[in-house]
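Participant: Just passing along the structure, written as structure tokens.
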Amino acid sequence: MLDVQIIRTMADSFASIYGDLRMLIAIVADILGFFWIWQIIAKTRQKVKTNETARKATQTIARVAIFGGIATILYTMPMLQFKIAIFPSFLEFHFDEIPVFIAGFAYGPMTSFLILLVKTIIKLPMTSTAGVGELADLLYSSAFILPAALIYKKSRTMKGAWIGFSVGTICQLIASSLGNMFFMIDFYVFFFNLPEAVLLSIAQVANPKITDIHYTMVLYGILPFNLLKDAAVVLVTFLIYKRTEVVICKKI
């Protein structure tokens, strides 16, 4: 009996490792594909220097490929995500918005949206929520990054950056709170056939103040989680961007 249990445990471990390797291979293939396209574009740029529109188009594609690849890795690799005990266990930190933020500040809101779109499309084949979770992430990240990038584009100063960060954070908190309260939580309950009582008990392990899966779940779970995550993203983005702005804007 013990041998059977050991064999089953080993089989489960190998299956998990195999699944992670398949995901890693798929992601690496996507990233290599992006960089292959970028190399083709870099060679093509020499032939289109006289055409300003074509030059800008190839430059945008190259930027989307580079930052989209980085964002995809941060978005899809489980080892780059983590949980915090004070929040419900189904909420995970992932910092894929940092490279998108940096690109948005450097090149404008349209480039950042294209990166978000690329990241989402690559993740869709790996979805466990029929694509709904990924589309929700696209909406929330757009609400976070696009207003900030647009404001910074019009006022490229320290004040403009922090106003952009503040407005983007407020927009993201509103979008994610309302989206979860009125749709996403109910969708997950339905899609995973998860009893509300089970979901509530999971949330209450982290915070006993959560007494229902809508209002208090958002108020004491999702809202403070997103506020902390947004603050971390903003801080890291600010520290990285100010030190690399000249290089990023001139070299890519």
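Participant: For Glu134, state whether it is under 20 Å from Asp230 (Cβ atoms), out of contact with any strand residue (DSSP E or B) (no Cβ under 9 Å at 6 or more places or on another chain) and of a type in the set (D, E, K, R).
Facilitator: Working: under 20 Å from Asp230 (Cβ atoms): yes; out of contact with any strand residue (DSSP E or B) (no Cβ under 9 Å at 6 or more places or on another chain): yes; of a type in the set (D, E, K, R): yes.
Answer is yes for this residue.
Participant: Can you say whether Ala206 is surrounded by 15 or more Cβ atoms within 10 Å (Cβ to Cβ), of a type in the set (Gly, Ala, Ser) and more than 21 Å from Glu97 (Cβ to Cβ), as far as the supplied structure shows?
Facilitator: The answer is yes for Ala206.
Participant: Please state which one of Ile145, Ile185, Ile174, Ile121 is under 30 Å from Phe238 (Cα atoms) and touching a Leu at 6+ places or on another chain (Cβ under 9 Å).
Facilitator: Working: Ile185 fails: under 30 Å from Phe238 (Cα atoms); Ile174 fails: touching a Leu at 6+ places or on another chain (Cβ under 9 Å); Ile121 fails: touching a Leu at 6+ places or on another chain (Cβ under 9 Å).
Among Ile145, Ile185, Ile174, Ile121, only Ile145 is under 30 Å from Phe238 (Cα atoms) and touching a Leu at 6+ places or on another chain (Cβ under 9 Å).
Participant: Out of segment 125-144, which residues are assigned to a helix (DSSP H, G or I) and of a type outside the set (A, V, I, L, M)?
Facilitator: Residues of segment 125-144 that are assigned to a helix (DSSP H, G or I), as a first pass: 125-126, 132-144.
Across segment 125-144, the qualifying residues are Pro125, Gly133, Glu134, Asp137, Tyr140, Ser141, Ser142, Phe144.
Participant: Only one of (1) modelled with pLDDT under 90; (2) crowded, with 17+ Cβ neighbours inside 10 Å; (3) of a type in the set (S, T, N, Q) is not met by Ser141, so which one is it?
Facilitator: Failed condition: (1).
Participant: Okay, next question. I need every pair where a residue in segment 133-147 that is closer than 11 Å to Thr169 by Cα has its Cβ under 9 Å from the Cβ of a residue that is acidic (Asp, Glu) and surrounded by fewer than 19 Cβ atoms within 10 Å (Cβ to Cβ), sequence separation at least 6 or different chains.
Facilitator: none
Participant: Cβ-Cβ under 6 Å, sequence separation 6+ or interchain: first residue in segment 148-171 and surrounded by fewer than 16 Cβ atoms within 10 Å (Cβ to Cβ), partner assigned to a helix (DSSP H, G or I) and at pLDDT below 95. Which pairs?
Facilitator: Sorted first by the residue in segment 148-171, then by its partner, the list stays empty.
Participant: Taking only segment 88-124 into account, find how many residues are touching a residue at least 24 places away in the same chain (Cβ under 8 Å), under 22 Å from Ile222 (Cα atoms) and not in a helix (DSSP H, G or I).
Facilitator: 7
Participant: Here's a follow-up. Tally time: how many residues in segment 81-100 are more than 18 Å from Leu135 (Cα to Cα), under 14 Å from the mean Cα position of the chain (by Cα) and of a type in the set (A, V, I, L, M, F, W, C)?
Facilitator: Our first condition is that a residue be more than 18 Å from Leu135 (Cα to Cα); within segment 81-100, this holds for 81-89, 98-99.
Of the ones still in play, those that are also under 14 Å from the mean Cα position of the chain (by Cα) are 81-82, 98-99.
Now drop any that are not of a type in the set (A, V, I, L, M, F, W, C), which leaves 82, 98.
Adding up the residues that qualify gives 2.
Participant: Something else: What's the number of the only condition in (1) over 23 Å from Leu227 (Cα atoms); (2) β-branched (Val, Ile, Thr); (3) more than 14 Å from the chain's Cα centre (by Cα) that Val118 fails to meet?
Facilitator: Of everything listed in (1) over 23 Å from Leu227 (Cα atoms); (2) β-branched (Val, Ile, Thr); (3) more than 14 Å from the chain's Cα centre (by Cα), Val118 misses just condition (3).
Participant: Here's something else I'd like to know. Take Ala85 and decide whether it is over 20 Å from Asn180 (Cα atoms), assigned to a helix (DSSP H, G or I) and touching a residue at least 24 places away in the same chain (Cβ under 8 Å).
Facilitator: So Ala85 does not fit the description; no.
Participant: On to the next question. Given the structure, is Val236 in contact with a Ser or Thr (Cβ under 6 Å, 6 or more places away or on another chain), in contact (Cβ under 8 Å) with a residue 12 or more places away in the chain and of a type in the set (Val, Ile, Thr)?
Facilitator: Numbers: in contact with a Ser or Thr (Cβ under 6 Å, 6 or more places away or on another chain): no; in contact (Cβ under 8 Å) with a residue 12 or more places away in the chain: yes; of a type in the set (Val, Ile, Thr): yes.
So Val236 does not fit the description; no.
Participant: With at pLDDT below 60 and loosely packed, with under 15 Cβ neighbours inside 10 Å as the only criterion, which of Ile41, Ile6, Ile86, Ile25 stands out? Even if it seems obvious, please write down each step before you answer.
Facilitator: Working: Ile41 fails: loosely packed, with under 15 Cβ neighbours inside 10 Å; Ile86 fails: at pLDDT below 60; Ile25 fails: at pLDDT below 60.
Within the list Ile41, Ile6, Ile86, Ile25, the selection yields Ile6.
Participant: Looking only at segment 200-216, which residues are part of a helix (DSSP H, G or I) and in contact (Cβ under 8 Å) with a residue 60 or more places away in the chain? Quick ask: steps written out before the conclusion?
Facilitator: We begin by selecting, within segment 200-216, every residue part of a helix (DSSP H, G or I); these are 200-206, 215-216.
Those that are part of a helix (DSSP H, G or I) and in contact (Cβ under 8 Å) with a residue 60 or more places away in the chain: Ile202, Ala203, Val205, Ala206.
The values are calculated or read from the model by the stated rules, or taken from the named source; none is laboratory data. Bear in mind that the values here come from a model prediction, so they are computed numbers and not experimental data. Positions of Cβ are backbone-derived with ideal geometry, glycine not excepted, and every protein chain shown enters the neighbour counts.
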